[in-house]
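Notes to accompany the following structure.
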Amino acid sequence: MKPAPFSYKKARSLDEAVALLAEKDARLLAGGQSLIATLNMRLSSPSLLIDINGLAGLDGISIKSGAVEIGCLTRHAQAERSDVIARHAPLIARAIPHIGHPAIRNRGTLGGSIAFADPAAELPACLLALDGEIDTMGPKGKRTIKAQDFFKGLFETALGPQDVLTAIRVPSANKDTRIGFAELARRHGDYAIVGLAASARRNGKGLADVRLAYFGVGNTPVRARKAEAALADGSIDAAVGALDLAPNDDVQATAATKKHLAGVLLRRVANQLLEAS
Ligand SMILES: Cc1cc2nc3c(=O)[nH]c(=O)nc-3n(C[C@H](O)[C@H](O)[C@H](O)COP(=O)(O)OP(=O)(O)OC[C@H]3O[C@@H](n4cnc5c(N)ncnc54)[C@H](O)[C@@H]3O)c2cc1C
């Protein structure tokens, strides 16, 4: 199938992109790896595509005030090869190879992945697990939104109709940072049936500040707070027993299967968090 007709404009500045978004049914085009598929299947039919790929200064990866800042146009492949991300944002480094396949990672952007907010995507869950932030630019200027306030519902975020997501930020890892990541997918590179991104702080032989963010089990990435508390108390069995997720059946698996797999992943990720702790 071919997309419905649309107009195309290449934005020459961030301000111009924001202004162009005022047009009814306008949509930003970043890597196109999700958007073009929805167009081709006629799941969406925007009147105008605003190409932001040429905008300078939106693809940087840097350390600022103890945080790793990643520009929205950073490609997954660029992040995958980044020493800064490997050293200072190891959870993101661990998750990215699970996103699609090399061709998709060559074009897809981190900003597009967060803005699209697919409930089975890796990066929204990583951002939630790391207590990250999202920077946006809109008609009223800049905003910074905490990850926990950003993901509102199925493919629904705190972005307004004229907002451009400009960067994401996560606290830089230090010697006490522990991270864990695992997902179950039918084939490597497929969207996960269930996945888990986690962070914690080493606390003696145990863990503190445990954050478990599941994906593929709800309309948004979901924290398992009771399991977090049980894991901080030192028991993996109790954490699995405390999992209070409520997934729905979907095309990949039944709710019961997803709940079972969530427990399997929790054991794997808990062991990663506790490794060399
Ligand atoms: C076969 C296949 C397998 C895939 N597997 C996975 C997977 O396993 N895990 C995964 O996470 N993803 C997967 N993806 C999707 C991929 O990660 C995309 O790169 C990502 O979801 C969207 O990024 P993009 O830059 O391509 O965004 P686009 O497709 O260009 O845009 C997606 C949406 O976000 C909006 N948008 C883009 N950038 C911004 C911005 N800066 N500000 C505001 N809105 C913006 C667009 O308007 C659009 O609505 C897969 C894609 C394909 C085709």
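The numbers here are math on the coordinates, done by the rules we state, and not lab data. The shown structure was predicted, so the numbers you read here are calculated from the model rather than taken from an experiment. Note that each Cβ is placed from the backbone with ideal geometry, even for glycine, and that neighbours are counted across all protein chains shown.
Points to keep in mind about this one:
- Solvent-free Debye scattering, log10 I(q)/I(0), computed from the Cα coordinates of the chain at q = 0.10, 0.13 Å⁻¹: -0.51, -0.85
- Net lengthening on full extension, residue 149/residue 47 (0.36 nm per residue, minus Cα-Cα): 33.8 nm
- Simple label model, 7 Å out from Cα along Cβ direction - residue 251 to residue 156, nm: 2.2
- About its Cα centre, the chain has a charge dipole of approximately 280 debye under the convention of +1 per Lys or Arg Cβ and -1 per Asp or Glu Cβ, with nothing else charged.
- Ellipticity estimate at 222 nm from DSSP helix runs (n ≥ 4, -39,500 (n - 2.57)) divided over the chain, nearest 500: -8500 deg cm²/dmol
- The slack between residue 226 and residue 271, meaning 0.36 nm per residue of separation minus the straight C-alpha distance, is 14.4 nm.
- Put simply, when 104-112, 117-125, 178-186, 237-245 are sorted by average Cβ atoms within 10 angstrom per residue, most first, you get 117-125, 104-112, 178-186, 237-245.
- FRET efficiency, residue 40 to residue 81 (Cβ-Cβ, R0 22 Å, nearest 0.05): 0.15
- C-alpha center-to-center spacing [the range 1-78, the range 220-255] in angstrom: 34
- Model label sites at residue 264 and residue 190, defined 7 Å from Cα along the beta-carbon direction, differ in position by 1.3 nm.
- Stretchable slack from residue 203 to residue 23, in nm (0.36 nm times residue separation minus alpha-carbon distance): 59.6 nm
- Positive dipole terminus of the range 7-49, leading residue within 19, 38, 49 (C-beta point charges): 38
- A Gaussian network model of the chain, with springs between Cα atoms under 10 Å, assigns the largest mean-square fluctuation among 132, 189, 57 to 57.
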